1. Please verify whether Y94 is in contact (Cβ under 8 Å) with a residue 24 or more places away in the chain, buried (at least 18 other Cβ atoms within 10 Å of the Cβ), more than 30 Å from L186 (Cα to Cα) and aromatic (F, W, Y), treating the condition exactly as stated.
2. Go through N154, N112 for me and flag whichever is modelled with pLDDT under 90 and under 28 Å from R32 (Cβ atoms).
3. Restricting the search to segment 120-145, which residues are open to solvent by 10 Å² or more (accessible area, probe 1.4 Å) and in a helix (DSSP H, G or I)?
4. Determine whether segment 210-220 contains at least one residue that is polar (S, T, N, Q), open to solvent by 60 Å² or more (accessible area, probe 1.4 Å) and not in a loop (DSSP other than H, G, I, E, B).
5. Which of the residues belonging to segment 48-64 are in a loop (DSSP other than H, G, I, E, B) and either surrounded by 10 or more Cβ atoms within 10 Å (Cβ to Cβ) or touching a residue at least 12 places away in the same chain (Cβ under 8 Å) (or both)?
6. Can you tell me which condition C65 does not meet? The list is (1) in contact with a strand residue (DSSP E or B) (Cβ under 8 Å, 6 or more places away or on another chain); (2) at pLDDT below 90, and all the others hold.
7. Being over 22 Å from V188 (Cα atoms), among the small types (G, A, S) and in contact with a helix residue (DSSP H, G or I) (Cβ under 7 Å, 6 or more places away or on another chain) is the filter here; which residues of segment 100-135 pass it?
8. Looking at (1) modelled with pLDDT of 90 or more; (2) open to solvent by 50 Å² or more (accessible area, probe 1.4 Å); (3) of a type outside the set (S, T, Y); (4) assigned to a strand (DSSP E or B), find the lone condition where Q104 falls short.
Amino acid sequence: MSARLEVADIFRRHGEAYRQAHDGHLGRVERRVMSAIELCRSAELGGHVEGCRSCGAIRVAYNSCRNRHCPKCQGQACREWLAARQGELLPVPYFHVVFTLPAQIAAIAFQNKAAVYTMLFKATAETLRTIAADSKHLGAEIGLVGVLHSWGQNLHYHPHIHCIVPGGGLSPDGTRWISCRPGFFLPVRVLSRLFRRLFLEELRTAYEAGKLSFFGDLAELALPAVFRRRLGEARRLEWVVYAKPPFGGPEQVLAYLGRYTHRVAIANSRLVSIADGKIVFRGRDYRQGGKAKLMTLDVHEFIR
């Protein structure tokens, strides 16, 4: 067990074997990310020497990879992004709304990430803006920030979008601000139904246009009858839309956004050990009320 274990260590020890084992399905983007993390703050990327004239101490500082997915390179990027967002927040309560794809659709997303993630953002934004514009609910034009997450604390594939939404919006004529009810934004059941319909319509259209592909366990979905059956099953499910209580203020919103917009799949601080081809890491089991626990994955599954 090592307190200094990093994702880079895991990639250096097992990355090449993983690349060989998954050569046919690993794209250039994934390979570039792995390489950047492996080389981050090493002599391969160059660096500089710092010296103290008083005591004579010398320190060698190697350059960072600055890759979006590197656990060591997101701190400064987060601070710069948050500073740029400071002036965009309004002096009103903000709400946190989460839209999640069910497992049956998440499996399709995993094999068609670019197409399905685009649909997910579009359906999420359209759902919030449509229900908010309805005079039965808010009757206002709203804005939002949406952040995609494709994993959970246990590193299982779990595509969902976190939305930060101000508690109100502009009137239809654009002349006044309409606030939502204190502590309540929009009904999640109504949001869920519209989100499900809009997303499945987008998915069906993409399928009919030949924009989706399937392989492995999902190969049968290439057959129209099988795909229609999958859509029918998804329509009968209750899609999860979750709304959290409002934030305390704009500063709290920024702190939250910083954690989500610049968080990578797993921080180095959560890694516990690597031995016998297994990775042990800290996580939370939200099926047990967010209980903290140690989790174990095969090293190739962890890298995936």
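1. Answer is no for this residue.
2. So the residue among N154, N112 that is modelled with pLDDT under 90 and under 28 Å from R32 (Cβ atoms) is N154.
3. The answer is F121, K122, A125, E126, R129, T130, I131, A133.
4. No: zero hits.
5. Across segment 48-64, the qualifying residues are N63, S64.
6. Evaluating C65 over (1) in contact with a strand residue (DSSP E or B) (Cβ under 8 Å, 6 or more places away or on another chain); (2) at pLDDT below 90 leaves (1) as the failure.
7. A107, A109, A115
8. Against the list (1) modelled with pLDDT of 90 or more; (2) open to solvent by 50 Å² or more (accessible area, probe 1.4 Å); (3) of a type outside the set (S, T, Y); (4) assigned to a strand (DSSP E or B), Q104 comes up short only on (4).
The values are calculated or read from the model by the stated rules, or taken from the named source; none is laboratory data. Note that the structure is predicted; figures quoted are calculated from it, not measured. Positions of Cβ are generated from backbone atoms using ideal geometry, with glycine treated the same way; all protein chains shown enter the neighbour counts. Ligands, DNA and RNA are excluded from the accessible area calculation, which covers all protein heavy atoms including side chains. Shrake-Rupley method; radii C 1.70, N 1.55, O 1.52, S 1.80 Å.
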